[in-house]
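Down below is the structure, laid out as structure tokens.
The values are calculated or read from the model by the stated rules, or taken from the named source; none is laboratory data. Keep in mind it's a predicted model, so treat the numbers as computed, not measured. Cβ: placed from backbone, ideal geometry, glycine included. Neighbour counts: every protein chain shown. Please note that ligands, DNA and RNA were not included when accessible areas were found on the heavy atoms of the full protein model with its side chains. Shrake-Rupley method; radii C 1.70, N 1.55, O 1.52, S 1.80 Å.
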Amino acid sequence: MVATLVSGVAKEGSSLDVTNVTKDFAAQDRTNQRTLALDGVSFSIAAGEFVSIIGPSACGKSTLLRLIAGLDFPSSGELRIGTEVIIGANAERGLVFQDPNLFPWLTVRRNIRSGLVALGVAREKNHEVDDFIRLVGLEGFADVYPHHLSGGMAQRVALARALITHPKVLLLDEPLGALDAFTRMQMQDEVLRLWQARLTTMLLITHDIDEAIYMSDRILIMTPRPGRIDRVISLDMERPRDRSHPDFLRLRSEILQLLDFGRR
Amino acid sequence: MRDGAPKVKELADANRSAETNSPILRPPKPQKREKADSAPRPAEGIRRVTLLALPLAAAIALCLHWLAAANEAAAEALLYTYFLSGLLIAALMAIAVQPMWSGLRGWMRDSSPLITAAVVCLVVWELVTSVLHLLPLPYFPGPAGVLSSLVNDSGVLFDSTWHSLVLLLGGYTLGVVVGLISGVCIGWFPYARYWGMPILKIVGPIPATAWIPLAMVLSPSAMFSAIGLIALAVWFPVTMLTASGISNTRASYLDVARTLGAKRSYLIFNVAIPAAMPSIFIGLFMGLGASFLTLVVAETVGVKSGLGWYVSWAQGWAEYGKVYAALLIMAAFFSTIMTALFKLRDHVLAWQKGVIKW
């Protein structure tokens, strides 16, 4: 287990199918109207694929992620992991937010371990905790409380905590959004390394076009009000990718055009 | 020896750092600030003023007492003389020993101003009562009278303290257990909230002592009714703050836990309750204060033992020395329990250290 965890490739990912998903919310005022957050969203992600979703604020990205996580239910449509329909949240789909949301009352070790405790397998799998602490490079910080950690370190703990239950899909809701530019680039490599070691299916939501191009196999571009998948871009550049390569830059300006931020 | 040792010490300090030495040279006002600031810092020396103030105060107290002792009962006066002499000797010995014992020195630097202030209070008390007779007897005995009550009646006082402790811990524990259970239920389950909240809001604010007439009728013994009343007094703040802590658990903690595969029991016991702990402890402290009040009232009214009972009994015999002795015991007793709860909080909420200022 340790070997596959750290060096070899364990194919842990599972495919994800989103079919014609719609989600509406009751409006905040008394008009009885309903706001459509997602309108007929459909896409598929292959097992072990790394997919990013980019789009302007309030385009329903986070709503979509909550539906996939099982924290919310679609108004219509269907979501499947492999062949199973998603009903409610479980450890199959890990979730990492922009805020690491570490439990402040637990040390780093116990935060990472909390998934095992929640599943009731803490005793059998306790040895994995140290593997994961090593995996995210936090040896020496195991017994520290979260408020002593920097933003990047806290996010590593959050990643380790989400991965220790061996999810089939890892959902990342702007996980690096609050980090400074350098830490962010470093963490991008970190996430890629974790992904390549496990081949967990990754779905990353981001505002950062460079991040999406640097990391993903495919990019889904969403448009707001109501949220729809507007365009899908496949990338077949080799990893590690060069952020200043002409192809990289061309793709970047293409996406900017699509999002209506290009030079007019 | 006694005088020489600190001087040598001071010289050494002066060589080591100008900073520790400088407060001596400063004008009084910043000096006072420096004293407060330097308390937590593990500096080496103690200022001579701090060191000598306590024995000086004790000596003054002793002299004043000798002056007043002529008008007092011999036994009373002698006991207080022993007490003050003991204090003086202990202070002098501490000064002699402290250059060799850094633990004692640190403690002295922190505590000796406070102890000195307490001795000054004794002096003022003695002056106002036994020396100048400004306050009427028997309501205001001097420190010697109170001390002799404390010593002579120590058996009964000890017994009363023990009874109070049993009553207090019984009632407090019961109130906390019930309060935590009802608080978690009200905070977590919407049904429990719907039905529980009105009861809490209507019954809770009634001071527990207002139930005394009912409790006397309902309960088979005064002991039981007192425990019940204390429990009721504790139950309200504990329930209220537990419920609010639980229902204010950050939704994202719960979301994260759910995606880690958490079931409801994990969400309640491993997420909501730890997240609510700071709020729960506020409830525990408020409950403790309420329990002290209820305990004393219940003992004064119904129960025939305990410190509250002792105070009203001594008052009935106009033995005010005993009243003050019991109040002293009460102060020590309650503040010890309060300190124990603070220690528990420090232990349970150790993760908050550095997040918020206590």
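Taking beta carbons within 10 Å but only from partner chains, what does the mean come to for residues B:246-258? Please list the in-between numbers first.
Details: counts 0, 0, 0, 0, 4, 2, 5, 4, 3, 8, 19, 7, 9.
The mean count of partner-chain Cβ atoms within 10 Å per residue comes to 5.
Put a dot 7 Å past each Cα toward the Cβ at B:V217 and A:N126; how far apart are the dots in nm?
5.8
Under a point-charge model restricted to the Cβ atoms of Lys and Arg (+1) and Asp and Glu (-1), what is the dipole moment magnitude of the protein assembly as shown relative to its Cα centre, in debye to the nearest 20?
Values: 57 positive and 50 negative charges, 86 e Å.
The dipole of the protein assembly as shown has a size of about 420 debye.
Could you tell me the accessible area of B:L78 in Å² (1.4 Å probe, neighbours in place), rounded to the nearest ten?
B:L78 has an accessible surface of roughly 90 Å² with all protein chains in place.
What accessible area, summed over both chains, is buried at the A-B interface (1.4 Å probe, Å², nearest 100)? Working shown, then result.
On the way: alone 12960 and 20010 Å², together 31040 Å².
Chains A and B together bury roughly 1900 Å² of accessible area.
Under a crude label model (7 Å from the Cα following the beta-carbon direction), how far is B:L67 from B:T173 in nanometres?
5.2
Taking beta carbons within 10 Å but only from partner chains, what does the mean come to for residues B:49-62? It would help to have the intermediate numbers written out before the result.
Working: counts 0, 0, 0, 0, 0, 0, 0, 0, 0, 0, 0, 0, 0, 0.
Across the residues of B:49-62, the mean count of other-chain Cβ atoms within 10 Å is 0.
In whole angstrom, how far apart do the alpha carbon centroids of segment A:203-238 and segment B:68-87 sit?
Centre-to-centre distance over Cα atoms comes out at 88 Å.
Relative to the first principal axis of the alpha-carbon coordinates of chain A, what is the inclination of helix A:181-198, with its axis defined by its Cα atoms, in degrees from 0 to 90 and to the nearest 10?
80
Over the whole of A:163-169, what's the average partner chain Cβ count within 10 Å per residue? Rounded to a whole number, please. All intermediate terms of the calculation are to be shown ahead of the outcome.
On the way: counts 0, 1, 3, 0, 3, 0, 0.
Average neighbour count from other chains, rounded to a whole number: 1.
When all protein chains stay in place, what accessible area (Å², nearest 10, 1.4 Å probe) is found for B:W313?
The value for B:W313 is about 90 Å².
Which whole-angstrom value gives the distance between the alpha carbon centres of segment A:134-192 and segment A:34-87?
One Cα centre to the other: 23 Å.
If I ignore ligands, DNA and RNA and count only protein heavy atoms, how much of A:S57 is accessible to a 1.4 Å probe, in Å² to the nearest 10?
Spelled out: A:S57, probe radius 1.4 Å, area about 80 Å².
Let's test the formula: R0 of 60 Å, r as the Cβ-Cβ distance of A:T19 and B:L134. What FRET efficiency results, to the nearest 0.05? Kindly include the intermediate steps, with their values, before the conclusion.
Values: r = 91 Å, r/R0 = 1.52.
Given R0 = 60 Å and the Cβ-Cβ separation, E is 0.05.
Can you pull out the chymotrypsin sites (Phe, Trp or Tyr not before Pro) in segment A:76-176 that DSSP calls coil and that have at most 16 other Cβ atoms within 10 Å?
Details: sites: A:F97, A:W105, A:F132, A:F141; in loops: A:F97, A:W105, A:F141.
Here no loop site has a sparse enough neighbourhood.
Can you give me the Rg/Rh ratio for segment B:154-352, using Cα atoms for both radii and the Kirkwood formula for Rh? Provide the component values of the computation, followed by the final result.
Numbers: Rg = 19.4 Å, Rh = 18.2 Å.
Rg divided by Rh gives 1.07.
What helices in chain B pass both tests, a Cα length along the helix axis of 24 Å or more and a mean Kyte hydropathy of -0.5 or higher, using whole DSSP H runs? Walk me through the intermediate numbers first.
Values: long enough: B:48-69 (31 Å, 1.80); B:74-97 (34 Å, 1.89); B:102-126 (34 Å, 0.70); B:154-188 (49 Å, 1.40); B:222-247 (37 Å, 1.72); B:273-301 (40 Å, 1.72); B:320-348 (42 Å, 1.02).
Helices meeting the span and hydropathy rule in chain B are B:48-69, B:74-97, B:102-126, B:154-188, B:222-247, B:273-301, B:320-348.
With a 1.4 Å probe and all protein chains in place, put B:R47, A:R241, A:R252 in order of accessible area, largest first.
Working: B:R47 45, A:R241 15, A:R252 90 Å².
Sorted descending by solvent-accessible area, the residues read A:R252, B:R47, A:R241.
By a straight-distance test (C-alpha under 15 Å), which aspartates and glutamates pair with A:K61 as possible cross-link partners, with residues fewer than eight away in the same chain excluded?
Straight-distance partners of A:K61: A:D24, A:D39, A:D72, A:D173, A:E174, A:D208, A:D230.
Structure shown: which of B:K201/B:K263; B:K322/B:K343; A:K125/A:K168; B:K201/B:K304; B:K304/B:K343 lie over 21 Å apart, alpha-carbon to alpha-carbon? Mind showing how you got there, number by number?
On the way: B:K201/B:K263 31 Å; B:K322/B:K343 31 Å; A:K125/A:K168 18 Å; B:K201/B:K304 33 Å; B:K304/B:K343 32 Å.
B:K201/B:K263; B:K322/B:K343; B:K201/B:K304; B:K304/B:K343, as the Cα separations exceed 21 Å there.
Nearest 20 debye, what's the magnitude of the dipole of segment B:154-352 about its Cα centre given +1 on Lys and Arg Cβ and -1 on Asp and Glu Cβ? Spell out each step's value before the answer.
Working: 10 positive and 5 negative charges, 130 e Å.
Approximately 620 debye in magnitude.
Helix A:126-135 versus the longest principal axis of chain A: what is the Cα-based angle in degrees, 0 to 90, to the nearest 10?
60
Need one number: nm distance between label points at B:A332 and A:S42, each 7 Å from Cα along Cα→Cβ, rounded to one decimal.
Between B:A332 and A:S42, the label points sit 8.3 nm apart.
So what are the ³J(HN,Hα) numbers for segment A:234-240, from phi and the Karplus equation (6.51, -1.76, 1.60; θ = phi - 60°), rounded to whole Hz, Gly and Pro as x?
Values per residue, Gly and Pro as x: 9, 10, 10, 6, 6, 9, x Hz.
For helix A:108-119, report the angle its Cα long axis makes with the longest principal axis of the Cα atoms of chain A; keep it between 0 and 90° and round to the nearest 10°.
Once rounded, the angle reads 70 degrees.
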